[in-house]
Every structure is written in C-alpha cells, then in structure tokens.
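The structure appears below as structure tokens.
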C-alpha cells in the first residue's frame with residue numbers, strides 16, 4: 001500500500017476524469033490494468049499461481065491434505081482460506097498489523113466460495129463421513145495497489161486449475177482396517193474442474209459513475225464499492241457492499257449489470273490462457289519473479 | 001543418518017553436486033515498484049524475497065530512535081506453503097523471532113547507520129519456498145535489496161551454509177542434508193575484509209574439524225559474493241540504459 | 001520498570017579498565033566467577049550461582065502422545081523465564097529480545113545436540129512417550145545468564161529420575177517413587193555454554209561478563225562444548241565483526257573452561273548422591289550458608305598486597321608535611337566561645353568588594369585577639385557583643 005495520501009485537488013481531478021470516461025492512466029471505466037498470470041511457481045505446493053495486476057502482486061499456493069469432512073456434509077471436501085498480508089506490501093503490515101485486513105479478506109473469500117456450484121466439492125471426497133481432501137488455499141499479498149479481490153480471485157482460479165491432487169487407492173488389510181495409499185506417480189493425479197469458479201469484480205463508485213479495477217488513488221476518492229462474483233455463464237453468485245458510503249438502488253442495479261458484463265468477458269480469455277500455458281507442458285521456462 | 005547417503009563414494013551428493021559446489025543461484029533486483037528497494041533470490045530450490053523501506057522517520061514510539069544512528073528493523077516470515085508441511089503461522093513464533101533478530105544484527109554490522117541518525121530502515125524478508133539455507137538466502141536477498149534501495153553499506157554481506165560428512169566439508173546444504181542430523185554451520189561474511197558478521201552452528205562437531213568447516217564456508221561465501229556483484233552490475237546497466245533513453 | 005541506564009563515566013571507566021586488562025572484580029580475562037551448584041530435595045531441581053547470578057532449573061515429565069513424524073522418540077520441551085525479581089528491567093509478560101534469544105539458544109544447545117537419549121523415553125511406540133519438560137527461572141541477573149542457564153539445565157537433567165513404568169500389552173502402569181525406584185535419564189554428554197564478550201570492535205575479549213560488562217560490550221559469542229571437545233553450538237550475536245582465528249581461539253579457551261565446569265558438575269552430583277545414600281540432610285535448606293540476618297556480611301574480596309608496605313612508605317615520604325595548625329579558642333563573651341573560623345556567608349552578597357572588605361576586616365581583627373568579634377551571619381539585625389570589659393550587651 002505504501003500509504004497513499006491524496007489531496008483534495010487531486011480527488012477533484014480524478015472525479016472529473018472519471019465523469020468523462022478517462023482515468024488517470026488513460027483507461028476507460030471498464031478496463032483492467034495490464035495483467036500477468038503464471039502458474040506453478042512454487043514447487044512445494046500442489047498448485048500455485050502468481051498474478052500481477054498493475055502494481056498489485058498476489059501469490060496463491062494450494063496444499064491438499066487428507067482430513068475429516070464436515071459433519072453436516074459428510075460426502076464433500078472443503079476449502080480453507082488464509083490470507084497473509086505480508087509486510088512487503090507496506091510497513092504497516094509488520095507484526096500483527098496485517099491481521100485485520102487478512103481476516104476481512106479471507107472472510108469475504110469464504111462467502112464467495114460458499115456455494116455448491118463454484119467448485120465440485122463432491123469430487124474431493126475419499127470416503128464419505130471419514131476421509132476427504134481439504135484444500136488449504138494460502139494467499140500471499142506481496143504488493144498492494146488496489147483491487148485486491150479481483151486479483152485474488154483470478155489467482156485462486158488459476159491455482160485451482162493448476163492443482164494436481166494425487167489419486168487415492170483404498171486398500172483393506174487383514175483386520176478390516178482400511179489403509180489409504182497415495183499414488184507416487186506425479187502424473188497420476190486428479191485435476192479440478194474450474195469452469196464454474198467465479199471471478200470477483202469490484203466496482204468503485206466515484207462521483208456518479210463507477211469504475212472497474214480501481215487503483216489505490218481512485219479508491220481514496222470513492223466512498224462505496226460493490227463486490228460481485230460472476231461465473232463464466234454470467235450468473236452472479238455473491239454481492240457485497242464495501243465501504244462506508246451509501247449507494248442508491250439504481251446505481252446498484254447499474255453496477256451489477258456492468259459487473260456481469262465485465263466478469264463474463266474475463267473468464268474466456270483467462271481459460272484460454274491457462275489452457276495454453278498447460279499445453280506448453282514441460283518446455284515452459286518458469287519465470288516467477290525473474291522476469 | 002541411516003538410509004540417505006549424503007556423500008556417495010564417488011564424491012557426489014544427493015542432488016549430484018560435488019562437495020564444494022554451490023547450488024544454482026539466480027537473483028533479480030527491483031522486483032517491486034512500490035518499495036524503496038526489493039530483490040528476489042533463488043538458491044537452488046530455496047526462494048527468498050526481500051523488501052526494504054527506508055530510511056524514513058521512526059514509526060511507532062519515538063523512544064526507539066537513536067540520536068546518532070539509524071535503527072534497523074527486520075522481520076523474517078515464511079509463506080504458509082513454503083515448507084513440505086503447511087505452516088500455520090507465517091511469523092510470530094520463536095524461530096521466526098530469532099531469525100529476525102539475527103538478520104537485524106547482521107545488517108547493523110554492515111550498514112553505515114551513522115549516516116542516518118534518528119531514522120529507521122525496515123527490511124522484510126519472506127521465504128516463498130524453503131529447501132535448506134533459509135538464513136543464507138535471506139541475507140543475500142536482503143543485501144541486494146539494500147543495494148537496490150541505495151543504502152550505503154560497508155561491503156556485500158554474503159551468507160552460506162556448510163556441513164560436515166565423513167571428514168569432508170560440504171558447502172551450501174539443502175534441506176535433506178540439513179535435517180540428516182549432521183552439522184550445519186551458517187556464516188555471514190563481508191568478503192573483502194573476511195570479517196564475520198554472524199556465525200551460527202548446530203549439532204555436534206569435534207573441535208579439530210572447526211577450522212576446515214569455517215574455511216569451506218568462507219570460500220563458498222566468497223564465490224557467492226562474485227555472483228551477487230554480477231547481478232548488481234547487470235541491473236545497473238539495465239537501469240542506466242532505460243533511464244538514458 | 002525501566003533499567004537504570006549506564007552513565008558515560010561508568011562506561012568510559014569500564015572500557016579503559018578493560019583495555020588495561022583489569023576487571024571490576026579483580027578477575028583475569030579468562031576467569032569464571034565462583035560457580036556453586038546445589039540440588040533440591042526433589043529429583044531434577046537444581047540451583048546454580050555464578051557469582052551473583054542465580055538460576056533455578058526444574059525438570060518434570062509426563063506421558064503424552066508422540067509427534068506423528070517421530071513415533072518412537074520422546075519429546076523435550078524447554079522454557080526459560082525471566083522473572084521480574086531478577087532485574088528491574090524484566091517484565092513478566094513481555095516477549096523481549098533477550099527472552100527469545102535465551103530460549104532459542106537453550107533449546108538449540110540441548111535439543112539439537114542430542115544430549116539425552118530420546119529413544120529410551122518411548123513407552124508405547126506411536127501412542128505414549130515421556131515428555132521431559134525443563135523449566136529454567138532466572139532468580140538474579142548479574143550477567144551471563146546463558147552459561148548459568150545451560151549449567152543448571154544439564155545438571156538438573158543429570159539429576160532427574162523419571163518414574164518406572166510397566167507395560168502389559170496396551171496398558172501402562174506408572175509406579176510412584178515409593179513402589180519402585182525411579183530411573184535416571186540416560187545423558188550422553190553434557191553440553192556447557194561459554195560466553196565471550198567482545199569490546200572495542202573485537203579487540204578485547206572477556207569470558208563470563210558480569211552485568212556491567214554486558215552493558216558496555218559490543219557483541220557476544222556463545223560456544224557450547226562438551227568435555228569430549230565436541231562443539232555443540234556456536235552463536236554470535238550483537239553487531240560485531242569477527243575474524244576466523246578469533247572464533248578458533250575462543251573455541252580453544254572454551255574447551256578448557258568446559259572441562260573445569262564439567263568436573264564441578266560431576267562432583268556436585270556425586271556429593272548429592274552420597275549424602276542421599278548416607279541419609280544425611282540434603283536439599284536447598286542445607287546448602288544455604290548459615291548467616292545471621294542481623295549482620296551485614298560481605299564476601300571477602302581478595303586484595304593484591306604485594307609491595308604494599310614499600311608503596312605506602314614511598315607515598316608518605318614524597319608527600320609534604322601538612323601545616324601545623326592549632327586553632328586557638330576565642331572567647332567572645334561569658335558563655336560563648338569560638339574555635340576556628342567559619343566561612344563567610346555568600347548569600348545576598350552582590351559585590352565582590354564587600355566580600356573582600358569583610359575578609360580583610362576579619363583578618364585584621366584576628367590579629368587583635370581581644371577585639372570584638374562580630375558574628376555576621378546571625379539573623380538578628382544587629383548583634384553587638386561588647387567586650388568583656390564589662391559593658392552591657394544589647395541584642
């Protein structure tokens with residue numbers, strides 16, 4: 001975050017610009033910043049992805065472990081989110097300073113992913129009522145320049161696409177106790193279907209118009225923003241309002257329509273890109289931060 | 001130490017290196033635009049990210065500021081997915097606090113703090129993937145980040161680990177070699193004057209083997225300093241080309 | 001509470017004396033203070049006094065399930081606490097740097113060096129193992145907590161005896177000490193920490209710094225060794241730059257010190273064993289020397305007495321003889337007398353001239369012994385005491 005302080009004159013300038021559909025860096029109101037996505041950057045995990053959206057950098061690592069399923073839904077696995085706002089982003093996150101923001105972000109992620117349609121949780125079940133796969137999704141915030149949710153959701157989708165869960169063989173031994181064996185073959189693994197994983201679009205209301213992908217500067221000019229999670233079919237799975245200001249119902253409706261439109265357009269190129277990266281296979285040189 | 005043979009008869013280690021060979025080293029400076037200085041370092045499979053903010057005014061309590069020097073504040077944390085078993089807390093446990101203290105001491109010795117009285121320099125290091133030599137990767141990455149931030153230092157601070165197996169010193173240990181039960185010596189060195197900023201060793205070693213072990217670590221650090229120097233010069237060239245045009 | 005800061009004068013004095021190879025308590029640079037090790041009535045309780053630094057270590061054990069990664073090994077847990085009675089600067093709940101450093105060093109020294117056979121602590125593999133817990137409390141801080149803590153911890157571990165267990169299938173019966181004799185832990189070796197303090201950017205080094213020396217030191221090097229000359233642990237701290245041969249030299253010094261201290265510990269353990277066997281009194285109450293509370297006792301400090309007589313004579317002969325001054329009593333009036341002369345009161349005097357005048361007045365008056373003495377610092381307005389020739393006083 002590197003603490004942004006915006007003067008009143010700058011705020012007025014930004015608001016006038018948005019009114020005329022031209023933002024500080026030349027984008028339109030519905031344009032995203034330059035985005036770079038790479039998967040499989042951390043080899044200790046079962047799936048990972050790194051996303052840089054302008055100056056915002058997010059790294060997601062997914063680890064799959066075997067655990068007991070939730071008592072209410074014995075035939076499904078589940079996801080656990082943990083957002084770590086590291087001190088890299090701003091010195092204010094040192095020690096326990098980043099915990100508040102991290103907890104807020106992970107709670108929002110729980111809400112977004114909390115329905116049966118985003119991810120097929122049944123496929124994570126091993127033995128109903130006894131064993132299931134628990135996916136620990138760890139989000140690491142490296143640099144923060146606004147629009148954290150969008151970048152996080154894209155990174156989570158890419159990481160889930162990249163996740164390889166080893167296949168499980170259940171064998172019975174003599175006394176009737178069941179043993180679970182994980183296959184050692186790195187290619188014998190299960191992939192997740194991320195078609196329905198939603199992407200989050202955050203819309204900030206600046207003046208009378210709303211913008212997609214606000215930088216920190218623009219965020220300081222807005223009083224309220226709306227968080228919409230959209231699947232590739234255009235279905236809205238979760239809507240949340242953030243910020244202290246108020247939104248009238250008309251603008252909420254408008255913003256939702258914009259969000260649906262933008263979100264739908266986001267999925268197709270993302271899936272294409274992920275498929276292309278996957279097809280490069282082993283010849284792909286892993287760049288990570290070394291670009 | 002049963003099972004895994006850390007040094008084969010032909011002199012090859014677990015990952016095929018010779019006894020005194022270092023792991024593949026790749027580094028990049030200026031990774032993040034928002035911080036004053038940043039660097040990313042890969043030492044084999046260990047990946048470390050260092051970010052420097054400062055020198056700036058002392059945050060928090062004013063009583064921490066020193067009238068004649070800058071205060072160096074370090075935090076070491078590991079990403080939860082960095083180790084084979086998932087870590088629950090990225091920082092705040094005793095081991096991370098100890099590492100942060102060691103980093104602080106190492107850089108207090110190397111940075112010319114007298115030039116910035118009453119200010120604070122923050123160094124934040126994050127381990128993205130841990131495969132042995134965490135402390136050394138952190139120190140090397142932090143050195144590059146300090147150079148990127150333009151903070152004057154006495155010399156590069158290079159760190160490396162060394163171990164001892166069957167009378168042969170090994171340089172730059174990976175995780176399997178560290179946890180195999182043998183000795184691990186971590187050394188942070190200023191290569192030109194050969195002065196040691198921090199020395200740390202665990203596990204038993206006979207006193208007579210200590211000179212050989214320290215010599216191996218010193219040689220490894222010197223080799224590392226050459227690589228770091230190359231990275232810095234290359235980065236400077238790139239930056240000057242960009243700014244010239 | 002905050003620690004009392006060290007004044008610059010004290011700091012300079014300490015540094016200068018270290019440069020002259022002298023220490024505050026008269027030790028040599030490589031000398032340890034007196035170490036006293038005493039054991040309590042319970043097994044596993046040990047107090048170590050290193051000069052004035054006092055540290056108490058207590059070992060206890062309980063049955064717990066083992067770690068998943070190592071099902072056949074027992075667990076060890078170390079905890080060091082800086083209690084506020086040790087020093088005004090220690091606060092009970094604050095996680096200070098010193099606490100973290102000491103804890104981690106103690107853990108690394110004793111756990112990573114594998115001084116205790118953890119395999120023998122296994123009762124039922126994968127289900128129940130002994131967890132040995134070592135609690136170290138610092139009772140008084142006079143420097144060099146690390147050494148004292150490590151000696152206390154390893155002595156307590158060597159002294160400790162765990163209860164005997166009997167295994168039948170999956171049942172475990174733990175016998176109390178009355179039923180069956182407790183079993184001592186198998187200690188492979190005794191790692192002892194030796195601290196070296198560095199001053200003036202590594203030019204001077206001292207072993208076993210006391211608290212004042214610790215406050216002026218640049219950095220600390222801790223080396224843990226056992227008597228077989230194996231180094232268990234090296235840690236340098238503080239922002240100092242060391243050279244390789246300095247570290248090697250320190251390790252040589254450390255090996256000598258460690259063998260001395262290990263001797264001390266074995267002797268203390270032997271002593272305690274013998275006393276318990278003979279049925280004599282043992283424990284802390286016996287080890288505290290009998291001192292009367294009403295008497296302020298002080299330890300005898302050794303003084304260097306060589307050539308004292310010669311030096312004293314020299315000083316006396318060189319000094320000038322003091323002037324012979326016999327103050328004569330001045331009798332001012334009946335009932336009053338004055339011997340010697342008090343100083344002039346300088347309050348309220350602005351001009352120096354007045355002072356000088358008065359001084360000269362007084363000197364004049366001195367010569368005439370039976371003159372009237374005016375006592376000028378009286379609060380009464382005018383005190384005129386007429387001479388004895390018999391006129392009435394007015395005051």
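In the stretch A:123-147, what count of residues is obtained for those that are more than 14 Å from every other protein chain (Cβ to nearest Cβ) and over 13 Å from residue A:70 (Cβ atoms)?
Of the stretch A:123-147, the ones more than 14 Å from every other protein chain (Cβ to nearest Cβ) are A:123-132, A:147.
Narrowing further to those that are over 13 Å from residue A:70 (Cβ atoms): A:123, A:126-127, A:147.
Residues flagged as more than 14 Å from every other protein chain (Cβ to nearest Cβ) and over 13 Å from residue A:70 (Cβ atoms) within the stretch A:123-147 amount to 4.
Being assigned to a strand (DSSP E or B) and away from chain C (no Cβ under 14 Å) is the filter here; which residues of the stretch B:107-122 pass it?
Correct list: B:119, B:120, B:122.
Name every residue in the stretch B:164-182 that is out of contact with any helix residue (DSSP H, G or I) (no Cβ under 6 Å at 6 or more places or on another chain), part of a strand (DSSP E or B) and at pLDDT 85 or above, in order of residue number.
Of everything in the stretch B:164-182, just one residue is out of contact with any helix residue (DSSP H, G or I) (no Cβ under 6 Å at 6 or more places or on another chain), part of a strand (DSSP E or B) and at pLDDT 85 or above, namely B:170.
Does residue A:197 count as surrounded by 13 or more Cβ atoms within 10 Å (Cβ to Cβ), closer than 30 Å to residue A:28 by Cα, at pLDDT below 90 and out of contact with any strand residue (DSSP E or B) (no Cβ under 9 Å at 6 or more places or on another chain)?
Yes; evaluated as a whole, the condition is true for this residue.
Looking at the stretch C:235-262 only, could you name the residues that are at the interface with chain B (Cβ under 7 Å from one of its Cβ atoms) and farther than 11 Å from residue C:220 by Cα?
Going through the stretch C:235-262, the residues at the interface with chain B (Cβ under 7 Å from one of its Cβ atoms) turn out to be C:235-244, C:247-248, C:251, C:255.
Once the filter is applied, which keeps residues that are at the interface with chain B (Cβ under 7 Å from one of its Cβ atoms) and farther than 11 Å from residue C:220 by Cα, the stretch C:235-262 yields C:243, C:244, C:247, C:248, C:251, C:255.
Scanning for something within 16 Å of residue B:91 (Cβ to Cβ) and modelled with pLDDT of 85 or more, does the stretch A:103-117 turn up at least one residue?
Yes: the stretch A:103-117 contains one or more residues that are within 16 Å of residue B:91 (Cβ to Cβ) and modelled with pLDDT of 85 or more.
Can you pull out the residues in the stretch B:192-203 that are surrounded by fewer than 24 Cβ atoms within 10 Å (Cβ to Cβ), in contact (Cβ under 8 Å) with a residue 24 or more places away in the chain and touching a strand residue (DSSP E or B) at 6+ places or on another chain (Cβ under 6 Å)?
Matches in the stretch B:192-203: B:200 only.
Applying the selection to the stretch B:126-153, what residues are within 14 Å of chain A (Cβ to nearest Cβ), crowded, with 24+ Cβ neighbours inside 10 Å and in a helix (DSSP H, G or I)?
Result: B:134, B:137, B:138, B:141, B:142, B:144, B:145, B:148.
Is it true that residue C:143 is away from chain B (no Cβ under 14 Å), touching a residue at least 40 places away in the same chain (Cβ under 8 Å), part of a loop (DSSP other than H, G, I, E, B) and within 18 Å of residue C:172 (Cβ to Cβ)?
Here the answer is no, as residue C:143 does not meet what is asked.
For residue B:217, all conditions in the list (1) part of a helix (DSSP H, G or I); (2) surrounded by fewer than 22 Cβ atoms within 10 Å (Cβ to Cβ) hold save one; what is the number of the exception?
Of the numbered conditions (1) part of a helix (DSSP H, G or I); (2) surrounded by fewer than 22 Cβ atoms within 10 Å (Cβ to Cβ), the odd one out for residue B:217 is (2).
Would you point out which residue out of A:257, A:218 is at negative phi and surrounded by 14 or more Cβ atoms within 10 Å (Cβ to Cβ)?
After ruling out the rest, the residue left standing is A:218.
Could you tell me whether any residue of the stretch A:27-41 is assigned to a helix (DSSP H, G or I) and modelled with pLDDT of 85 or more?
For the stretch A:27-41, residues assigned to a helix (DSSP H, G or I) and modelled with pLDDT of 85 or more: absent.
Quick check on the stretch C:113-137: of everything there that is buried (at least 19 other Cβ atoms within 10 Å of the Cβ) and under 33 Å from the mean Cα position of the chain (by Cα), which residue is nearest to residue C:67 (Cα to Cα)?
The residue in question is C:132.
The conditions are (1) free of Cβ contacts under 8 Å to residues at least 60 places away in the same chain; (2) more than 8 Å from every other protein chain (Cβ to nearest Cβ); (3) surrounded by fewer than 16 Cβ atoms within 10 Å (Cβ to Cβ), and residue B:57 fails exactly one of them. Which is it?
The number of the failed condition is (1).
The values are calculated or read from the model by the stated rules, or taken from the named source; none is laboratory data. In this text the structure is predicted, and so the values were computed from the model without any measurement. All Cβ positions, even for glycine, are placed from backbone atoms using ideal geometry, and neighbour counts span all protein chains on display.
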